[in-house]
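The values are calculated or read from the model by the stated rules, or taken from the named source; none is laboratory data. Note that this is a predicted model, so its numbers are computed, not measured. Using ideal geometry, Cβ is built from the backbone for each residue, glycine included, and neighbour counts are taken over all protein chains shown.
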Amino acid sequence: MGKTLMEEFSATFLDPASCGSSVRWSVSLTEDSLYGENKGKIPTASFGIEVGITDCNKSINWSAHDYDLADKKLYRAIAELRKARVAIATAKKLYERKVKAGELRRDNIRD
């Protein structure tokens, strides 16, 4: 194991009152140790990212050891989550409009 050059991590609960939905991530950059004939040469480094999303007893975890692949995965995941936020806002507007028009009762959806 080599010298840690950088290590960052974070985690947050998304709905602490419920069953513990959370998001966590960690990123590390480690200088590889050099032994034997490689001792004294310029070392290489290892990159790693781990991401986990958990909801009650279900979880999605992925990891990558390539900068570009990790960046691409994260970018695409964030883009999809942004689409979900737009869809949520659209559904809420439609719901409010239907409630106001008397076409739906406000009793089964929490605000």
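Do the conditions hold for Gly102, that is, is it in a loop (DSSP other than H, G, I, E, B) and at pLDDT 90 or above?
yes
Looking at (1) surrounded by 11 or more Cβ atoms within 10 Å (Cβ to Cβ); (2) over 18 Å from Val23 (Cα atoms), which one does Leu74 not meet, given that it meets all the others?
(2)
Tell me whether the stretch 23-34 contains one or more residues that are among the basic types (Lys, Arg) and in contact (Cβ under 8 Å) with a residue 24 or more places away in the chain.
Yes, the conditions are met somewhere in the stretch 23-34.
Here's the yes/no breakdown for (1) assigned to a loop (DSSP other than H, G, I, E, B); (2) outside the structural domain of Ile53 (by TED's automatic domain parsing); (3) at pLDDT 95 or above; (4) not charged (D, E, K, R):
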site	(1), (2), (3), (4)
Lys72	no, yes, no, no
Tyr75	no, yes, no, yes
Ala79	no, yes, yes, yes
Arg82	no, yes, yes, no
Val86	no, yes, yes, yes
Ala89	no, yes, yes, yes
Lys92	no, yes, no, no
Tyr95	no, yes, no, yes
Lys98	no, yes, no, no
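For the stretch 1-41, what are the residues that are closer than 19 Å to Asp66 by Cα and either assigned to a helix (DSSP H, G or I) or among the aliphatic types (A, V, I, L, M) (or both)?
If the condition is that a residue be closer than 19 Å to Asp66 by Cα and either assigned to a helix (DSSP H, G or I) or among the aliphatic types (A, V, I, L, M) (or both), then Met1, Leu5, Met6, Val27, Leu29 are the ones that fit.
Just for the stretch 42-62: of the residues that are free of Cβ contacts under 8 Å to residues at least 24 places away in the same chain and within 13 Å of the chain's Cα centre (by Cα), which one is farthest from Gly2 (Cα to Cα)?
Checking each candidate, the answer is Ser59.
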